[in-house]
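For reference, the structure is listed below as C-alpha cells.
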C-alpha cells in the first residue's frame, strides 16, 4: 500500500507538471510571447516542477536533507542516466551555444552547490546551506536567464517566418489546466513525500538515501521521457539542452528558493556526494570539448550509465 500510494503521488506530480506547463504555454502564446521565451522560462521551470514541489514541501516540514538529496540525485540521474540512455538510442550532437553557455553554467551550478555544502565541513561545523547562500543561487539564476535571453535573441532570425495557425483551447480550459496542474503538483508532491519517507524508514534506509535514489528518479521522469522522445526523433540537442537546463534550474532555482525559505541542513549528504556531482558535470564538459568533437556517442553513453549504476550500488552499500 505504501508503494502504491507513492506511485499515485508520483503520477499526480507528473500529470500536474504536464498540464501546468501546457496551460501556461498556451496562455503565454495567446498574449504573443515568443516560443524561445516560453521555452526559456515556462517549459524549463515546468519540467523541474516535481523537484521544486517535493523539495519545498520537505523544507517546510523540516526534512531538509531530503530537499538537498532530491536535487543532488536528480542532477546525477539527469547527467549520467538520462544522457547515457539518450546517447545509447542515438549519438547526441553538441551545438556551439551548448558548449559556450549551457555546459559551463551547468558545471558552475555543481561547483556552487559543492562549495556551499563543503564550507561547513572545512570549518568543522554542521553542514548547512544558509539563506544568504540561497539568495546567491537565485542571483546566479537571474544572470543565467538574462544571458540566455540575450544570446537567444541575438541568434533569432531577423524576420520570423510565418507559422501555420494552431488550434487554441478556450481560455477557461487553459486556466483550468493551470489550476488543476498546480493542485496535482501540490497534492501529489505531499503524498509522494509522505509515503517515500515511510518506505525509507520501513526499509531501514536514511531519508537522504531514498531522496537521492527513488525520489530523484521519480521526479526526473519528465526529463527522461522528453529526452527519450527527442532522441527517437533525432533531436538529441534538445535532450542535451533539457538535461543541462534542468540541472541549472534545480540548483539555482529550487535549492536557492528552499534555502531562502529555511536554511538547509545537509544531514546524511556527505562531502563525497557533492564531489561526485561536480565530477559528473566535469565529465560532461570533458566529453563535449574533447574525444569525438561535438558529439556524445554510444560508447560514452554506456560509460555514463555504468557510472550512475556504480554510484547507486556504492550508496546502498554505504
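In region 198-209, the residue that is farthest from the chain's Cα centre (by Cα) out of those that are assigned to a helix (DSSP H, G or I) and modelled with pLDDT of 70 or more is 202.
Among the residues of region 48-64, which ones are crowded, with 22+ Cβ neighbours inside 10 Å and in a helix (DSSP H, G or I)? Even if it seems obvious, please write down each step before you answer.
Quick first cut of region 48-64, residues crowded, with 22+ Cβ neighbours inside 10 Å only: 48-55, 58-59, 64.
Listed by number, the residues that qualify are 49, 50, 51, 52, 53, 54, 55, 58, 59, 64.
Only one of the numbered conditions (1) farther than 21 Å from residue 136 by Cα; (2) part of a helix (DSSP H, G or I) is not met by residue 260, and that is (1). Of the numbered criteria (1) modelled with pLDDT of 70 or more; (2) surrounded by 12 or more Cβ atoms within 10 Å (Cβ to Cβ), the one residue 237 fails is (1).
Considering region 9-47, and only residues there that are farther than 20 Å from residue 147 by Cβ and exposed (fewer than 15 other Cβ atoms within 10 Å of the Cβ), the residue that is modelled with the lowest pLDDT turns out to be 32.
Summed over region 276-318, the residues that are in contact with a strand residue (DSSP E or B) (Cβ under 9 Å, 6 or more places away or on another chain), touching a residue at least 40 places away in the same chain (Cβ under 8 Å) and either under 19 Å from residue 101 (Cβ atoms) or not in a helix (DSSP H, G or I) (or both) give a count of 6. Considering the conditions (1) within 19 Å of residue 104 (Cβ to Cβ); (2) at pLDDT 75 or above, residue 212 is excluded by exactly one of them, (1). Put simply, of 117, 127 the only residue that is modelled with pLDDT of 80 or more and touching a strand residue (DSSP E or B) at 6+ places or on another chain (Cβ under 8 Å) is 117.
So which residues in region 304-318 are exposed (fewer than 15 other Cβ atoms within 10 Å of the Cβ) and at pLDDT 85 or above, if there are any at all? It would help to see each step written out before you state the result.
The first filter runs over region 304-318 and keeps only residues exposed (fewer than 15 other Cβ atoms within 10 Å of the Cβ), leaving 306, 309-310, 313-314, 316-318.
Within region 304-318, 306, 309, 310, 313, 314 qualify.
Residue check: is residue 152 closer than 30 Å to residue 100 by Cα, surrounded by 12 or more Cβ atoms within 10 Å (Cβ to Cβ), at pLDDT below 75 and under 22 Å from the mean Cα position of the chain (by Cα)? Taking the combined requirement at face value, the residue satisfies it. The residues listed here are 136, 173; of these, the one that is under 20 Å from residue 252 (Cα atoms), part of a helix (DSSP H, G or I) and at pLDDT 70 or above is 136.
The values are calculated or read from the model by the stated rules, or taken from the named source; none is laboratory data. Quick caveat: nothing in here was measured; it's all calculated off a predicted structure. Note: ideal-geometry Cβ built from the backbone for every residue, glycine included; neighbour counts use all protein chains shown.
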